[in-house]
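Here is the structure we will look at.
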Amino acid sequence: FVGMKNFEFLLKGDLFLLTRNTVLYNVVFILLGNVLQVFFAVLVSQVSRKWFKKVSQTLMFMPYFVSYVLLRVLVYNLFEYDYGLINHIVTSFGGKKIDFYNTPAYWPFLIVLFNIWKGIGYGMVVYLASIMGIDGELYEASKVDGANVFQQIRYVTLPLLKPTFIILLLYSLG
């Protein structure tokens with residue numbers, strides 16, 4: 001038990017910087033995450049091969065079940081200075097090793113990348129279920145009217161995903 005030392009550490013630090021970073025990370029996680037979930041759900045819904053659709057859904061949903069401990073091990077094995085996979089590839093091509101752990105400039109991108117990678121599958125499945133619930137007659141009517149696939153996505157799929165997007169956005173904010 002350390003008593004109030006944790007609070008002393010927090011108050012001695014730059015509280016504005018900590019709060020700003022937390023808010024900015026969450027804004028990026030929420031906005032970019034939801035947009036990418038919709039994007040991948042639309043992509044998967046357009047795939048016609050059933051086996052490819054199932055495999056891609058499984059591969060994208062799998063990181064959601066990976067614990068953060070295993071994610072940390074994966075990140076460590078990728079970015080470690082002496083034995084990491086990325087530095088091994090860089091040095092095998094004649095490059096110089098990159099010290100990811102001691103260079104703060106890399107971490108905002110890595111944190112966002114791995115957080116979104118971990119959560120993208122779950123949201124994609126929810127959006128995909130919403131897309132599968134859209135009446136097929138709407139797509140047929142748009143085809144009769146001469147709409148191509150991109151116009152169908154823009155004028156049929158995305159507007160009908162708007163309520164799901166808003167609900168998931170509100171859940172994310174919570």
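The values are calculated or read from the model by the stated rules, or taken from the named source; none is laboratory data. Nothing here was measured: the structure is a model prediction, and the numbers come from that model. Note: ideal-geometry Cβ built from the backbone for every residue, glycine included; neighbour counts use all protein chains shown. The accessibility values were calculated without ligands, DNA or RNA, using every heavy atom of the protein model including side chains. Shrake-Rupley method; radii C 1.70, N 1.55, O 1.52, S 1.80 Å.
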Electrostatic dipole magnitude of the chain [Cβ: Lys, Arg +1; Asp, Glu -1; Cα centre; debye, to 20] = 180
task = Divide by every residue of the chain the summed helix terms, -39500 (n - 2.57) for each DSSP H run of at least 4, and state the resulting mean residue ellipticity at 222 nm, rounded to the nearest 500 deg cm²/dmol.
result = -24500 deg cm²/dmol
request  = Work out how much length LEU17 to LEU71 would gain on full extension: take 0.36 nm times their residue separation and subtract the Cα-Cα distance, in nm to one decimal.
outcome  = 16.8 nm
note = Farthest towards the positive end of the dipole of the range 15-174, among LEU32, ILE120, LEU15 and with Cβ unit charges of +1 on Lys and Arg and -1 on Asp and Glu, lies the Cα of ILE120
query = What is the extension gain from TYR139 to ASN26, computed as 0.36 nm multiplied by their sequence separation minus the C-alpha to C-alpha distance, in nm to one decimal?
reply = 37.1 nm
inquiry  = Compute the helix-to-body angle for 15-45: its Cα long axis versus the longest principal axis of the chain, expressed 0 to 90° and rounded to tens.
reply    = 30
note = Once Lys and Arg are counted +1 and Asp and Glu -1 for all other residues with Cβ under 15 Å from that of ASN102, the total becomes -1
query = With every protein chain present, what is the per residue accessible area of the range 1-100 (1.4 Å probe, Å²)?
reply = 77
query = How much accessible area does SER172 have with a 1.4 Å probe, in Å² rounded to the nearest 10?
reply = 50
query = Taking springs between alpha-carbon atoms closer than 10 angstrom, which of LEU113, LEU128, LEU85 fluctuates most in the Gaussian network model of the chain?
reply = LEU85
request  = Quote to one decimal, in nm, the extra length available between PHE39 and ALA147 on full extension: 0.36 nm per residue of separation minus the C-alpha distance between them.
outcome  = 36.9 nm
query = With each pseudo-label sitting 7 Å past Cα toward Cβ, what's the LYS50-GLU8 distance in nm, one decimal?
reply = 6.7
task = Please go through the range 9-59 and write out the trypsin sites (Lys or Arg not before Pro) that DSSP classes as loop and that have at most 11 other C-beta atoms within 10 Å.
result = ARG49
request  = For the chain, find the longest principal axis of its Cα atoms and tell me its angle to the long axis of helix 68-79, 0 to 90°, nearest 10.
outcome  = 70
key: In Hz, Karplus ³J(HN,Hα) per residue of the range 159-171 (6.51, -1.76, 1.60; θ = phi - 60°; x = Gly, Pro)   = x, 7, 8, 4, x, 5, 4, 5, 5, 5, 5, 5, 4
